[in-house]
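First up is the structure itself, then whatever we jot down about it.
Just so you know, all these numbers are worked out from the coordinates, no wet-lab data involved. As the structure is a computational prediction, the values presented were derived from the model and not from experiment. Note that each Cβ is placed from the backbone with ideal geometry, even for glycine, and that neighbours are counted across all protein chains shown.
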Amino acid sequence: MTALWPFTLRGTGAVLLAAASFLIAQRAGIPELLYFGTLLVALLGASAVVLLLTRAAGAVTRVVSPDVPEVGGPATVVVRAGIRSALPTAPGRWRDILPAGLSGHAEGVSPAAAASLTGTGGAIEVRYDVVGASRGIHALGPFEVTTTDPFGLLRRRIALGRTTSVTVAPTVRELTALPPASGEAGGTRQTTTLQLGQGADNLVARPYAPGDSMRRIHWRASAHRDMLMVRQEEQESSPAATVVLDRAVSRWSPMATHAAGSDPAFETAVTACVSAMARLVHEGYTVDVIDSDGSLLADPVAGGDDVEARATAAGFAALRARPDDESRRIVPASASALMGPVVVITGGLQADDRASLGAVAQRSALPVLLVVADDVELGRLRAGGWRAGHVVPGGDIAAAWDDAIEGGYARVDR
């Protein structure tokens, strides 16, 4: 009703009063009421002319901080828009149209606009908070301003500027550290040499992160930096690890091929993928993220580069499922030769799918399998050598990771 009816509450009263004046003047023969009604109509007409002279001035700029929010993560949006009016306008309302991928309260009171016959106009600057609701690239806007005339009789809604693309990245969950056993720490690049026993210069300190052992705290560096620091040995090269995200649509809903955020199971798998990658990078592995057909989904991330791991996760914002290939493999053939940690994330498994997983688990130092499905039998997978975990769509990825890492195949008599 507000969008179709241009009059404010005061303006609606003026319209009804003018109509009543004309009606009573005609019935009762009171010319003064006719003059009064005519004056109200003229006032309404003048208000409409003033509103027509109010228009946008310049482009709308938006600054989103952080520029790539995560699903469930907060962000602040600062909007600056120009308004030009021939006469001063009263305070109005502003609203920024939020897409389905963002949630928040993006509306409020806009300040009064001063007369700007010089053409420079005034500017409106507003700030509001949003939360990432679903992964993807979303169009934020347009920015709408509802202005009223100086008498407050009529309102006009103006759409300013264009939309702004906002990328919402998958959430990177904090996962527990990998097992400390030395046999599970190596990768394909076994030429890694720890520079030990050659002086303190070969030890570097980095900020403490969840999962680091308290035994590795570097007290001198912590006192110097006024924050917890841990010891990390310099390495000539990083061991390698691989994360496989099975994007074959047969393991997901067909909606996963249409748009990001459409299939809850696939969204959980993407979150598990970027979380596992971030964990392995933090552990010092150089990580390749590949599809089940063997294609790279992102450039390799160097070990220890947590910032690059977050940036790589942002590149998965628009990732979708794909049609099946002929082989229907869950793990590409090239991964069978890998000796370092291999983390595989897949969906609902069939009997023939389980049979194709055995060779990889026998060679990898740390074979981890996360199955995103409503129900799955993990006994046979663990018996085949996998540290297997199960997570329902939208479920707790960290708990499934713990179940796989800490239990895995250890529960099965081998």
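Overview of results
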{"quantity": "Pairwise label distance in nanometres, Ala177 with His258, each label 7 Å out on the Cα-Cβ vector", "calculated": "4.5"}
{"quantity": "Inter-label distance for Leu43 and Asp396, nm, one decimal - labels placed 7 Å from Cα along Cα-to-Cβ", "calculated": "6.6"}
{"quantity": "Length gained when the stretch Ala209-His105 is fully extended (0.36 nm per residue, less Cα-Cα span)", "calculated": "34.1 nm"}
{"quantity": "Cα shape, segment 236-411, gyration tensor, a/c 1.5 rule", "calculated": "rounded"}
